[in-house]
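Reviewing the structure listed below.
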Amino acid sequence: MSAVTTAVRQQMQRIAAQWPADPFRPTVQLKTFMESLAEHPNLTPAAVRASQAIQNNEFMNKYALSQKMLHPPSYPQYYTRLIEAFDKSAQGIGRPWWKIFFNIN
C-alpha cells in the first residue's frame, strides 16, 4: 500500500470517527458506511474531500437559504418548530396526548 493511499484511508477514518450518530435510525448509520468506505480499495481523495465538505457544512454555507425561504408567510415558525420537534424527539420528549387529540401546535 502506498503512503498516499494510507493517508487517504486515515483521513476518511478520522471523518467517520467524528460523525455523529443518528438517533432516529439506529440500524442505519452514515458513520458505519464511512468506516467501510475507508477500507474500500478504490477510495479516492475526491471522496474524502466530499465527505469533509459535508461534515463542515460547506454546501449549506455556499448555498445559504434566504430568510424568505426559511420563514414562509403562511407559517413563519414552521422550520423553527420542526427543528425543535426533532430535538425533543431525539431526547425522548413527546407531545402531550391532549395536544395531539385537539391538534394543537
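If you go through segment 19-48 and keep only what is of a type outside the set (Val, Ile, Thr), under 30 Å from residue 93 (Cα atoms), exposed (fewer than 11 other Cβ atoms within 10 Å of the Cβ) and over 11 Å from the mean Cα position of the chain (by Cα), you end up with 24, 25, 26.
A search for C-beta distances below 9 Å between a residue of segment 94-105 that is surrounded by 10 or more Cβ atoms within 10 Å (Cβ to Cβ) and any residue that is at pLDDT below 85 and among the polar types (S, T, N, Q), counting only pairs 6+ apart in sequence or on different chains, returns 99/105. Restricting attention to segment 78-92, does a residue exist that is surrounded by 10 or more Cβ atoms within 10 Å (Cβ to Cβ) and part of a loop (DSSP other than H, G, I, E, B)? Scanning segment 78-92, I find no residue that is surrounded by 10 or more Cβ atoms within 10 Å (Cβ to Cβ) and part of a loop (DSSP other than H, G, I, E, B), so the answer is no. The listed residues are 17, 90, 21, and the only one of them that is in contact (Cβ under 8 Å) with a residue 40 or more places away in the chain and among the aliphatic types (A, V, I, L, M) turns out to be 90. The requirement of being modelled with pLDDT of 90 or more and touching a Phe, Trp or Tyr at 6+ places or on another chain (Cβ under 8 Å) is fulfilled nowhere in segment 35-52; no residue meets it.
Is at least one residue of segment 40-47 over 19 Å from residue 7 (Cα atoms) and either of a type outside the set (D, E, K, R) or in contact with a strand residue (DSSP E or B) (Cβ under 8 Å, 6 or more places away or on another chain) (or both)? If you could, list the steps in order and put the result at the bottom.
First, pick out the residues of segment 40-47 that are over 19 Å from residue 7 (Cα atoms): none.
Looking through segment 40-47, none of the residues is over 19 Å from residue 7 (Cα atoms) and either of a type outside the set (D, E, K, R) or in contact with a strand residue (DSSP E or B) (Cβ under 8 Å, 6 or more places away or on another chain) (or both).
Report yes if some residue within segment 62-73 is part of a helix (DSSP H, G or I), within 28 Å of residue 12 (Cα to Cα) and within 18 Å of the chain's Cα centre (by Cα); otherwise report no. Yes: segment 62-73 contains one or more residues that are part of a helix (DSSP H, G or I), within 28 Å of residue 12 (Cα to Cα) and within 18 Å of the chain's Cα centre (by Cα). Given the condition closer than 15 Å to residue 8 by Cβ and either of a type outside the set (A, V, I, L, M) or loosely packed, with under 12 Cβ neighbours inside 10 Å (or both), answer yes or no: does some residue in segment 51-59 qualify? Yes; the residues of segment 51-59 include at least one that is closer than 15 Å to residue 8 by Cβ and either of a type outside the set (A, V, I, L, M) or loosely packed, with under 12 Cβ neighbours inside 10 Å (or both).
In the set (1) more than 13 Å from the chain's Cα centre (by Cα); (2) outside any loop (DSSP other than H, G, I, E, B), the condition left unmet by residue 52 is number (1).
The values are calculated or read from the model by the stated rules, or taken from the named source; none is laboratory data. Since this is a predicted model, take the numbers as computed values, not measurements. So basically every Cβ, Gly included, is an ideal-geometry build from the backbone, and we count neighbours across all protein chains shown.
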